[in-house]
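Single-structure report; data block below.
The values are calculated or read from the model by the stated rules, or taken from the named source; none is laboratory data. Everything quoted here is computed from the prediction, not taken from an experiment. Virtual Cβ from ideal backbone geometry, glycine too; neighbours counted across all protein chains shown. The area values use the complete protein model at the heavy-atom level, side chains included, leaving out ligands, DNA and RNA. Shrake-Rupley method; radii C 1.70, N 1.55, O 1.52, S 1.80 Å.
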Amino acid sequence: MKLITQISLFLVFIVLNFSLNAQAGKLEGSALRLKFSGVSGFYLSDWEKRNQDFNLVYSRVIESNWQDQNRATGTRVGADYYAALKDPLFTHLLFGAAISDLKGSFPTARASDVRVEALNYKGYTRQTEFTFGVVISVFQEFRVIPKFVHRSIDQSLTTNKTILIAEGSDFAFIRGKEEYRGRDSSGYFGLALEYDLTPNLSFYFDSLLFNNVLFLSSGKYSVSGSAEGYLVSGGRVGVSNRIDDSTGNYKISGNRFSIGSSLKISDSIRLFVSAERDTIFTQISSPFGTNLVIASLLTSRTVTATTDTINKTLAENLMYTQKQKFESSLIQIGISKDINL
């Protein structure tokens, strides 16, 4: 009796914690499946290590590890059309589209012996997917779905910053902002498995396994920044303005896995929960960085302009071109609605 109770609790744990996915569930004819869900979990940006390395080499400041990086929330909406085929093995063609948004916040700081910066990155990632696949009914309760997925990723990070500089009798108070953006798309080969444990409860496994299928990864990134503030040097007061910019190629690779099940609560409505791990490797190539600093002394009415394009580009080619990882671990909870056609 005790063993039966333990097994029952284990099955309940699986249903509650290892998800219900909206794509699971057998269909008899052609149907449109609408999906909406919320996601929550972990979100790590590929720009954390890239910025830490670059700022240490170029700006000679140490950027601390990004805090609160375990927190991420977002939403997903999608629609799948299952076109029925009059074949007992190949039962449906699958056409799908989905949009997912993910947000995170990453407070951090930069420091050197004469400089302190306070920042709070606001992260936003949007993924857009278009799917084409075929449903293969291996036997009545078990289905295999090979598919092609075109996935586009648009990631951005923005932050305001406050900079304090003190060296001897010189002092500066500067405020500014930074924005990072990476965009790319690629074709993926995916595979899904569905198993009906009961007529109302289905378990599901989904994956994106290989990229650069039909569509090659070939994106772009951009980094922009601006800052302005007041300087006090040798008893003279001045104003400083700085502009930074960087562009280059941005490519993605990686894979995604999720496991789950769906619970049918009516003839057309299902509840679902899913556990997902998404790993995206990003690679920057051919970065080109520029900057411009304009300082004007109010007391003497003199203006100076300096740039450091060569050194900045060399530092970016050294540090930006290292492969980095964007990673999310999420729990998804939502609802789907089937419309028979």
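Run the numbers on the chain and let me know its relative contact order in percent, using alpha-carbon pairs under 8 Å that are six or more apart.
Result for the chain is 20 percent.
Accessible area of the chain with a 1.4 Å probe: how many percent of it is carbon plus sulfur?
Ligands and nucleic acids excluded, carbon and sulfur give 63 percent.
Please arrange 91, 125 by accessible surface area, largest first, computed with a 1.4 Å probe and ligands excluded.
91, 125
Rolling a 1.4 angstrom probe over the protein heavy atoms, how many square angstrom per residue are accessible across segment 275-315?
Counting only protein heavy atoms, the per-residue value for segment 275-315 is 56 Å².
Rounded to the nearest 500 deg cm²/dmol, what is the calculated helix-only ellipticity per residue at 222 nm for the chain, with -39500 (n - 2.57) per DSSP H run of length n ≥ 4?
Mean residue ellipticity, 222 nm, calculated: -3000 deg cm²/dmol.
Within the set of other residues whose C-beta is less than 11 Å from the C-beta of residue 166, count the net charge using Lys and Arg as +1 and Asp and Glu as -1.
-2
For semi-axes √(5λ) of the Cα gyration tensor in Å, several values are listed as (1) 51, 21, 15; (2) 40, 26, 21; (3) 30, 26, 23; flag the one computed from this structure.
The value matching this structure is (1).
Picking from 118, 105, 166, whose Cα lies most toward the positive end of the charge dipole for segment 60-180 (charges on Cβ: Lys, Arg +1; Asp, Glu -1)?
My answer, from the dipole projection, is 105.
Using DSSP to define loop residues, name the GluC sites (Glu not before Pro) in segment 137-203 whose beta-carbon has at most 15 other beta-carbon atoms within 10 Å.
141
Any chance you could give the angle, 0 to 90 degrees and rounded to 10, that helix 2-17 forms with the longest Cα principal axis of the chain?
50
What accessible area per residue comes out for segment 53-116, rounded to a whole number of Å², with a 1.4 Å probe?
Here the per-residue accessible area is 54 Å².
Return one number: the angle in degrees, 0 to 90 and rounded to the nearest 10, between the long axis of the Cα atoms of helix 309-319 and the longest principal axis of the Cα atoms of the chain.
Result, in degrees: 40.
Check cross-link reach from residue 177 to the lysines: straight Cα distance under 28 Å, and skip same-chain residues fewer than eight apart.
The reachable lysines, counting only those whose Cα sits under 28 Å from residue 177, are 49, 103, 122, 161, 220, 251, 312, 323, 325.
Could you state how much accessible area residue 236 has, in square angstrom rounded to the nearest 10, with a 1.4 Å probe and all protein chains kept in place?
Roughly 110 Å² of residue 236 is accessible to a 1.4 Å probe.
Using a 7 Å offset from the Cα along the Cα-to-Cβ direction at both residue 140 and residue 222, what is the distance between the two label points in nm, to one decimal?
Inter-label distance under the simple model: 5.8 nm.
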